[in-house]
Amino acid sequence: MTKQINFSKYSSIKIGPVADVTIVNDCSEFPLNAYMIGGCSNILVGDNPPPLCMLSKAYDYIEIEDGVLRIGAATPSGKIASFCKKHDIGGFEFLSHLPGKLGGLVKMNAGLKEYEIFGKLLSIRTCKKEILKKDIDFGYRYTKIDDIILEATFQYTKGFDKTKVDMFKKMRSNQPNLPSAGSCFKNPGGDFAGRLIEAVGLKGKRNGQMGWSDVHANFLVNYGGGTYMQAYSLIQEAQEKIEQQFGIVLEREIIILDTTLSKGIV
Ligand SMILES: Cc1cc2nc3c(=O)[nH]c(=O)nc-3n(C[C@H](O)[C@H](O)[C@H](O)COP(=O)(O)OP(=O)(O)OC[C@H]3O[C@@H](n4cnc5c(N)ncnc54)[C@H](O)[C@@H]3O)c2cc1C
């Protein structure tokens, strides 16, 4: 089954064309060479995206089973946070202020400061097998998971901590409210991408309806109706200027999906 998705509405940065996306109900339905998307909170979809797929609602569930939390990969972060609040479960409070679906959160090892989704992770399930956390290569906002994640299990610990929710909310207060895909670049060792963007004079710089936020320079924000090309040229300009002035090659945190780029997915 395919579904037409308007990425200028669906993605968190509110950019992208209307494209057909294959909706996958089970392992027999995965299209060859299609790129898996979750909530599109970390993706900039270009004008010519590759074939795309996403998990159906069949993967949107949370269960408590034998002292373990079992969560489907299509479950949104907000739903997990609400479930944990309702059932007094600790360790997932940061998800109340972190957009995405479980598959994307695990793949990116998403988190806030030292709190990350791998903190309570026990295992993931793919079409091929169950993989234990100890067998997954992961680090700060990084995992080496090459398969589609269908489900993950987590330690079940009592004690939802409301003070943490307030703390995470406060941490967000220096970030823009405009549509974005979160931090654009990873922080290079010993420095901050936002500081470097500011140092080369790009903080607040706009290109059409896109711009580097004047609240937090590492956020590429959409002022309304921004386009892929506007976003892409700002990203390139920042990378070039920072490399020229500081000799630092900034690595993008945002994933770009566009087949006109060398590999299509960068
Ligand atoms: C305002 C804002 C603030 C943010 N703040 C933070 C932050 O503080 N910390 C942080 O870590 N992130 C942050 N992000 C980024 C984003 O929330 C995370 O990267 C999140 O994990 C993305 O989840 P998603 O479902 O939207 O994934 P997508 O953006 O759709 O995809 C991201 C990656 O996950 C892969 N993927 C998706 N689903 C699956 C699956 N089922 N199996 C395998 N791979 C899959 C995709 O192929 C892609 O490589 C922020 C984003 C926004 C918009």
- request: Would you mind computing Rg(Cα) / (2.2 N^0.38 Å) for the chain, counting N as its residues?
  value: 1.01
Per-residue [θ]222 nm for the chain (sum of -39500 (n - 2.57) over DSSP H runs n ≥ 4, rounded to 500): -6000 deg cm²/dmol
- prompt: How many angstrom lie between the C-alpha centres of segment 71-113 and segment 38-55?
  reply: 20
message: Please report, in whole Å³, the volume per residue of the convex hull around the C-alpha atoms of segment 57-139.
response: 102
Cysteines, the chain, no other Cys beta-carbon under 4.7 Å: Cys40, Cys53, Cys84, Cys184
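State which entries of Lys86/Lys170; Lys57/Lys203; Lys9/Lys164; Lys120/Lys205 exceed 32 angstrom in Cα-Cα distance in the structure shown.
Among Lys86/Lys170; Lys57/Lys203; Lys9/Lys164; Lys120/Lys205, the Cα-Cα distance tops 32 Å for Lys57/Lys203; Lys120/Lys205.
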field: segment 165-207 versus segment 1-34: alpha-carbon centroid distance in Å
entry: 28
task: Would you mind ranking Ile242, Ile235 so that the residue whose beta carbon has the fewest other beta carbons within 10 Å leads the list?
output: Ile235, Ile242
Sorted by Cβ neighbour density within 10 Å, fewest at the top, the residues Asp60, Asp26: Asp26, Asp60
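We did not get these values from a lab; they are worked out from the coordinates using the rules stated. Keep in mind that this is a model prediction, so the values were computed, not measured. Every residue, glycine among them, receives a Cβ derived from its backbone with ideal geometry; neighbour counts consider all protein chains shown.
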